[in-house]
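First the structure, in the form of structure tokens, and then the observations on it.
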Amino acid sequence: MQGLKKSILVSLWFMFLTFPLMVIRIDSLNGTIDWRWENMLGMGVGTFVLSFVWRFMLARKEAGRAAAAGGALSARGAWFERLRSDPKAAVPALAVLLAAFLVLPWVVSTYQTNIMISALLYVMLGLGLNIVVGLSGQLVLGYVAFYAVGAYSYAILNSNFGLGFWSVLPIGGAMAALFGILLGFPVLRLRGDYLAIVTLGFGEIIRLVLENWSSFSQGPSGIANIDRPGLFGMQLSVSDATTYIYYLILAAVIVTILAVTRLKNSRIGRAWQALREDEIACQAMGIDITTTKLTAFALGACWAGFAGVIFAAKTTFINPASFTFLESAMVLAMVVLGGMGSVIGVSVGALVLILLPEYLRAFSEYRMLIFGATMVLMMVFRPQGLVSPGRTKYNVTDAEGAGADAARPAAGGNA
Amino acid sequence: MDWQYFWELFFGGLTRGSIYALIALGYTMVYGIIELINFAHGEVYMLGAFTALIVAGALGIYGFPAVAILIIAAAVAVIYCAAYGVTLEKIAYKPLRDAPRLSPLISAIGMSIFLQNYVILAQTSDFMPFPNLVPQPEFLEPIAHIMGASEVLIIVTSAVSMAALTLFIKYTRMGKAMRATAQNRKMAMLLGIDADKVISLTFVIGSSLAAVGGVLIASHVGQVNFAIGFIAGIKAFTAAVLGGIGSIPGAMLGGLVLGWCESFATGYISSDYEDALAFALLVLILIFRPSGILGKAKTQKV
């Protein structure tokens, strides 16, 4: 009963709140007003139902928190845990997945392959941003700047000096890494929200420079006729070239996944995670904050640079409009949705966010609306993302009763 | 030196700066109380301009006089923005009050994207012409060559709103509660201050000021679209940081300084990098003097 009353109030409130924007539409040419009352009705019913869902989810989150505090493990997601930790299950699953990705361009049309290429590009971007945001906890909102640096490196070097894709790929990555360090140095002292805003500003400055410095980047009209990547000097038809780029990006994604997984469990990866958890404690443990942060920036940026070079080679045309803040926010949404710090999570997040709107054409205009809502709802209800990052655990078996006291802190510390 | 040009730029900067200051106040007040950059604040400003546009359009069809339209549209925009601000806080920030600091920021970015697309879907993604509602009275004729009536209105309204806010914070009971909460939320709660109420009030005030700014600038510039909030938001945030985030006089000063910087730089140097200037200024301040002009440097406590 209490809930019903609350929901009615919420529904009335939202009907009031959305009234001018949702109901009234001015037709200034004919001087008439179009009253769209049906929107108001929809809003009222929608928010009425949603408010129940909202409260239910909040209650469930509270219950989940209480259960976690009590030490109970949820059964949900256990099969997934098994798939991830048990090599007997994981290896065949990965093999099937890889095979599916390998045969994909031969089963689907060139158009579908193209969509898959952009989805994989975003996987790469997401994994790169994951190093900076997910692993080392530095919220960077101008990530697309490094993507732009990579793309423009290839475009400019290719159109002015005729350099090929393969020679520019490392240059693009290095250029982006250099920009990462350039950005990293001055912001070393900043953290959290300030860092986020400065990086956002940095991203916008790069875009504005590309837009205004016409003699360098040809301004808003962009650079066209960029060469596709070559395959031992062969001339490929458009559909063959698409397939080729598909395999290229697939290989790049696999390399990225391997590299990020290895990095995550390396010395520097552990340092990043320590930095994410607590900067001061991390410093107190003798970790050099400067190098740790700068490597995170450089490596994260480097991946965006690679992705940028591939992007320029794929579209053969780039302009500054491809590198807006919205793009950064979208990559961030993927990382957040997938689960910050989790390699599988971010890959799944990127694929879901790019492919779902493509195949749900009816919803395509709601795409960005859903993006935004997802980011808010994820933060409120499941801040760890779809896949919470697995932690390395040490199980200390209690062989002798006497060892119990010594074992407990070790096990607790990694829980 | 061409003084007429100088004064034009000076008052142009003052006009811009007043708007930045109005929006910056919303950032700085929210930051002062819950230490959160309300990323969606620029969107609230945009919603204010849009609501005013719709109300003005509807009233215009019914044949209201321009001055009445301006006043009613502004009042409706203020009420709606306050409502949006409070709702925003309840949905996107309140559940995250004890979460790690990145969570509310990401949720704020999500909210900002959501609100922009809400406007696109509910109305349009095109630029909409905003009627010029400010009459040109005769007593302003002597200065008409430097600044128009809408500029005078912007400067006067901003000055009055800011003065009212200062008095409110300084002399009322609620203002005192706000200052206490900004200083130390836990302690304020122990002393019987309803922190939730204070936070809601902060959003109400900040959003109302943004609405005032939105209506004024829309009427001055003559057009609005869904994206105006992003750039205005970033610039206002720059102003807030420039003055020292969390400090109310700082936000006002920062807004004016930024307005003048932009106006003179575009007037005397080049207008190509107008937007980049604000970003560059922001980056430089955060690096060299993160506490801003009037802010106090905080020591890191462990």
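The values are calculated or read from the model by the stated rules, or taken from the named source; none is laboratory data. Computed from a prediction, not measured in an experiment: that's the story for all the values here. Cβ atoms come from the backbone with ideal geometry, glycine included; neighbour counts cover every protein chain shown. Calculation scope for accessible area: heavy atoms of the full protein, side chains included, ligands and nucleic acids excluded. Shrake-Rupley method; radii C 1.70, N 1.55, O 1.52, S 1.80 Å.
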Using only alpha carbons, build the gyration tensor for the protein assembly as shown and give me the equivalent ellipsoid semi-axes, biggest first, whole Å. 43, 33, 27
So, with a 1.4 angstrom probe, what is the percent of accessible area on region B:29-226 that is carbon and sulfur? 66 percent
In region A:51-65, which residues give up 40 Å² or more of accessible area once the other protein chains are added, compared with their chain alone (1.4 Å probe)? A:TRP54
For region B:76-136, accessible area per residue (1.4 Å probe, heavy atoms of protein chains only), Å²: 36 Å²
If one takes the longest principal axis of the Cα atoms in chain B, at what angle in degrees, from 0 to 90 and to the nearest 10, does the Cα axis of helix B:173-183 lie? 60 degrees
Computed FRET value (nearest 0.05) for A:SER221 with A:GLU277, which takes r as the C-beta separation and R₀ as 45 Å: 0.45
Dividing the helical contributions, -39500 (n - 2.57) per DSSP H run of n ≥ 4, by the residues of chain B yields a 222 nm value, nearest 500 deg cm²/dmol, of -24500 deg cm²/dmol
Chain pair B, A: total accessible area buried, heavy atoms, 1.4 Å probe, Å²: 5200 Å²
Using alpha-carbon coordinates, inclination of helix B:228-243 to the longest axis of chain B, degrees: 60 degrees
Which parts of region A:12-26, residue by residue, lose 50 Å² or more of accessible area when the rest of the protein chains are there, as against the chain isolated (1.4 Å probe)? A:PHE16, A:LEU17, A:PRO20, A:LEU21, A:ILE26
Round to the nearest 10 and give me the degree value, 0 to 90, for the angle of helix B:274-288's Cα axis relative to the longest principal axis of chain B. 30 degrees
Suppose all protein chains stay in the model; what accessible area per residue would a 1.4 Å probe give for chain A, in Å²? 49 Å²
With a Förster distance of 41 angstrom and the Cβ-Cβ distance between A:LYS5 and B:ALA159, calculated FRET efficiency to the nearest 0.05 equals 0.40
What distance in nm lies between label points placed 7 Å from Cα along the C-beta direction at A:PHE317 and B:SER125? 1.8 nm
Mind checking the full-extension length gain between A:LEU356 and A:LYS88? Use 0.36 nm per residue of separation minus the Cα-Cα distance, one decimal, nm. 93.4 nm
Could you tell me which helices of chain A pass both thresholds, a Cα extent of 18 Å or more along their own axis and a mean Kyte-Doolittle hydropathy of at least 0.5, with helices taken as whole DSSP H runs? A:2-17, A:87-107, A:110-129, A:144-161, A:165-184, A:192-212, A:238-264, A:289-315, A:325-338, A:343-359, A:367-381
